[in-house]
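The values are calculated or read from the model by the stated rules, or taken from the named source; none is laboratory data. These numbers were taken from a predicted model, which means no experiment stands behind them. Cβ coordinates were reconstructed from backbone atoms using ideal geometry, including for glycine residues, and neighbour counts include every protein chain displayed.
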Amino acid sequence: MRMRFADLCLIALFAVFLALPTLDWLLHLDRSPTPNENRIPAPFPAWDDGGGLQPFLGGLEAWFNDHFGFRKKLVRLHNRWKAKLFGESASRAVLIGRDGWLYFGGGRMIDNHLGVRLLSADDLQAWQTLLETRRDWLAKRGVSYVFVVAPNKETVYPEHLPEWMSRTGTQTKLDQFVAHMRAQSSVEVLDLRPALIEAKATALTYFPTDSHWNAFGAFVSVQALVQAISRQLPGGLDALPIEAFELTFVDQSAGDLAKMSGVELVSRERNTPKLMPRPPLQPLVAQDDTSLPVASGSPGRVPVFTERPGPRRRVVLFRDSFAEAWYPFLGQHFARALYVLQYPWDAALIEREHPDVVVDEVVERHLNEGDPGELLKRDALPR
């Protein structure tokens, strides 16, 4: 009798598990956010009289595979266990390091960091030609120029990488590039690594679960950038001290790498630095500049600007996502700061803006993999 009761319980439990996906499909019991899989779930197929039954059934199977009951919860549990038990990420583009740190692993990051892959002499000359062409074109118009590289997170925080990632080479592509430009060219190339590494003694400069620097890292890099710009402008510029801002530390949700690896619900950013300007400084508001045409190299991306009274100078930045964290800081030194989300130049935009200085901000991983010859062609600077 006991055995029969146990069998009945097992059968009932099995039936419940079989029914759960259907119940979720009908009642939407799984309230988990949709996991980030870098793709759009398959839609419900439409019947095509000309296609017949087989394509419809194939589409129906793909739709069911992406929408069966409790799929969102199961995918998130799989991602969490995979990371916790095996130290593996659900995304090939995310590398799980030590102490809860995540790193962007795309663009052959491992080879580049270990110094396995280096720039050739032709690569270095191509970068020099690109930057000198841009610098000379601006100089004829009385405009200064600074090229700045935003270091990858593993460059500033190698100590949280997996233990097996011990460096084999003596230098990286960024080492090569900086050394070459300082020896062979007079273009102002700003290497932010020393400032960001030194600032680690005060507070974190990068997010552990995000690929970008945080507000404190952005502030430190802007200080170094303003000093580099100051060397070229008559009268110079005074970089704002940290005392001009109120530094606080807060907890916040996890960053882009946690979302890519599917563990953002169980990860948090702890003691994240936040900076707010102290009077007489006022917070800057970044606005879309709809008066300008969309930059030619970035369809759909409108340039963003900040403005403030006082200084008369203007700056134009061609940038990537790292410079978004500069919005609250760099504009404090200029009447107008215009941020253009692309690497190729828009010469017509520069001439309309009449800036005092143009800044190129490029993340290290683009320097590792980018094609300076292609950028030079896309610039198409008018003579």
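Brief remarks on what is shown
- Residue in segment 324-332 that is in contact with a Lys or Arg (Cβ under 9 Å, 6 or more places away or on another chain), without any contact (Cβ under 8 Å) to a residue 60 or more places away in the chain and farther than 30 Å from Thr155 by Cβ present: no
- Test: residue in segment 166-175 that is modelled with pLDDT of 95 or more, in contact with a helix residue (DSSP H, G or I) (Cβ under 6 Å, 6 or more places away or on another chain) and not hydroxyl-bearing (Ser, Thr, Tyr): yes
- Inter-residue pairs, beta-carbon under 6 Å, first over 15 Å from Gly217 (Cα atoms) and of a type in the set (D, E, K, R) and in segment 270-281, second modelled with pLDDT of 95 or more and loosely packed, with under 12 Cβ neighbours inside 10 Å, 6+ apart: Arg278/Glu246
- Some residue of segment 371-383 being buried (at least 17 other Cβ atoms within 10 Å of the Cβ) and among the acidic types (Asp, Glu): yes
- Looking only at residues in segment 242-275 that are within 13 Å of Pro208 (Cβ to Cβ) and among the hydrophobic types (A, V, I, L, M, F, W, C), the one that is modelled with the lowest pLDDT is Val263.
Condition check ((1) crowded, with 17+ Cβ neighbours inside 10 Å; (2) farther than 24 Å from Leu196 by Cα; (3) at pLDDT 95 or above) across all residues:
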| position | (1), (2), (3) |
| --- | --- |
| Gln287 | no, yes, no |
| Ser291 | no, yes, no |
| Ala295 | yes, yes, no |
| Pro311 | no, yes, no |
| Arg314 | yes, yes, yes |
| Phe318 | yes, no, yes |
| Trp326 | yes, no, yes |
| Leu330 | yes, no, yes |
| Phe334 | yes, no, yes |
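- Segment 239-265: number of residues that are surrounded by 18 or more Cβ atoms within 10 Å (Cβ to Cβ), touching a Pro at 6+ places or on another chain (Cβ under 7 Å) and not in a loop (DSSP other than H, G, I, E, B): 1
- Here Val149, Val143 are screened, and the one residue that is in the same structural domain as Ser267 (by TED's automatic domain parsing), of a type in the set (Val, Ile, Thr) and in contact with a Leu (Cβ under 7 Å, 6 or more places away or on another chain) is Val149.
- Residues being closer than 16 Å to Ala150 by Cα, under 20 Å from the mean Cα position of the chain (by Cα) and not in a helix (DSSP H, G or I) - total across segment 182-208: 8
- Filter pass, Gly107 being within 23 Å of Asp371 (Cβ to Cβ), modelled with pLDDT under 90, part of a loop (DSSP other than H, G, I, E, B) and out of contact with any Phe, Trp or Tyr (no Cβ under 7 Å at 6 or more places or on another chain): yes
- Residues being among the hydrophobic types (A, V, I, L, M, F, W, C) and loosely packed, with under 13 Cβ neighbours inside 10 Å - total across segment 161-180: 1
- Subset of segment 139-156 that is more than 16 Å from the chain's Cα centre (by Cα) and buried (at least 19 other Cβ atoms within 10 Å of the Cβ) - its residue that is nearest to Leu114 (Cα to Cα): Phe147
- Here Leu102, Leu130 are screened, and the one residue that is of a type outside the set (Phe, Trp, Tyr), touching a Gly at 6+ places or on another chain (Cβ under 9 Å) and modelled with pLDDT under 95 is Leu102.
- Test: residue in segment 339-346 that is without any contact (Cβ under 8 Å) to a residue 24 or more places away in the chain, within 17 Å of Arg134 (Cβ to Cβ) and of a type outside the set (A, V, I, L, M, F, W, C): no
- Taken together, the criteria place Leu225 among residues that are among the hydrophobic types (A, V, I, L, M, F, W, C) and farther than 21 Å from Pro158 by Cα.
- Residue check for His354: buried (at least 18 other Cβ atoms within 10 Å of the Cβ), assigned by TED's automatic domain parsing to the domain that holds Ile110, farther than 24 Å from Ser211 by Cα and not acidic (Asp, Glu): no
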